[in-house]
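A.B. asks: Sending over a structure as structure tokens; questions will come in a sec.
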Amino acid sequence: MNLLTPFAHLLLMMSLLPLNQAGLKKAVASERGKVVVVNMWATWCAPCKAEMPSLVSFEKRHAGQKVKLILVSANEPEEEKAATKFLAASGFSAVSYIKQTKDDQKFIDSLNPKWSGALPATFVYNRSGKLVKSFFGIVDMNQLEAVIKPL
């Protein structure tokens, strides 16, 4: 008999995969043929937490389409449990990542050299894996949809 609640069971199944700048490039490249949306967030970031329900809805709206949402937590490794719990409570169950790098500035620059590192931040890649748009701060879902529609 399984005594775990569905939520506890989901937490056990979920984990955030470690990701550095090379891993991020590979993750985007592995989705070639799809529009890739990378969102950087953290549990200690109030705007990130406020934005998450819109991102979860975005991901559900585009399920089965050629659009892939990749969430990357900027939490520290010791905060991974809190980040995993937050994602599970948000209803996001796809593979997600946690930034693990020795040089935060190199990671930031690998996404967009114009990005200060402030959260949240969202990056849109076309089907060839080329960065086409960056959003710094909470992304307006209408603007995000307008960017991905022609891609």
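A.B. asks: Would you mind listing how long the range 45-102 runs along its three principal axes, going by Cα atoms, in whole Å with the largest first?
C.D. replies: Projected onto the principal axes, the Cα atoms of the range 45-102 cover 34, 23, 17 Å.
A.B. asks: Tally Lys and Arg at +1 and Asp and Glu at -1 over the other residues with C-beta under 15 Å from the C-beta of residue 26: what net charge comes out? Before the final figure, lay out the partial values.
C.D. replies: On the way: positive: 25, 32, 34, 68, 99; negative: 31.
Net of charged neighbours comes to +4.
A.B. asks: Turning to a different aspect of this structure: What does the net charge come to around residue 111 if you take all other residues with beta carbon closer than 15 Å to its beta carbon, with K and R at +1 and D and E at -1? Write out the running numbers ahead of the final one.
C.D. replies: Working: positive: 25, 26, 99, 106, 114, 130, 133; negative: 103, 104, 109.
Summing Lys/Arg as +1 and Asp/Glu as -1 gives +4.
A.B. asks: Here is a further query. Compute the convex hull volume of the Cα atoms of the chain, divide it by the residue count, and report the result per residue in Å³ as a whole number. Walk me through the numbers before you get to the answer.
C.D. replies: On the way: hull volume 17.7 nm³, N = 151.
Cα convex hull per residue, to the nearest whole number: 117 Å³.
A.B. asks: While we're here: So if the hydrodynamic radius of the range 76-144 is defined as the Kirkwood radius over C-alpha pairs, what does Stokes-Einstein give as its diffusion coefficient at 37 °C and 0.692 mPa s, in µm² per second?
C.D. replies: On the way: Rh = 14.0 Å.
Value of D from the Cα-based Kirkwood radius: 235 µm²/s.
A.B. asks: Around residue 143, with a cut-off of 14 angstrom between Cβ atoms, what is the net charge of the other residues, counting Lys and Arg +1 and Asp and Glu -1? Could you put the intermediate results ahead of the total?
C.D. replies: Numbers: positive: 133, 149; negative: 51, 140, 145.
Local net charge: -1.
A.B. asks: Could you compute how much accessible surface residue 52 exposes when probed at 1.4 Å, giving the result in Å² to the nearest 10?
C.D. replies: Counting only protein heavy atoms, the figure is 0 Å².
A.B. asks: Right, another one. If DNA, RNA and ligands are ignored and the probe is 1.4 Å, what is the ranking of 86, 135 by accessible area, most exposed first? Kindly include the intermediate steps, with their values, before the conclusion.
C.D. replies: Numbers: 86 40, 135 20 Å².
Ranked list, largest accessible area first: 86, 135.
A.B. asks: Moving on to the next point. Residue 81 versus residue 63, label points 7 Å from Cα toward the beta carbon: distance in nm?
C.D. replies: 3.0
The values are calculated or read from the model by the stated rules, or taken from the named source; none is laboratory data. Please read these numbers as outputs of a predicted model, since none were measured by experiment. Cβ atoms come from the backbone with ideal geometry, glycine included; neighbour counts cover every protein chain shown. For the accessible areas, the whole protein counts, side chains as well, though only heavy atoms, and no ligand, DNA or RNA atoms are used. Shrake-Rupley method; radii C 1.70, N 1.55, O 1.52, S 1.80 Å.
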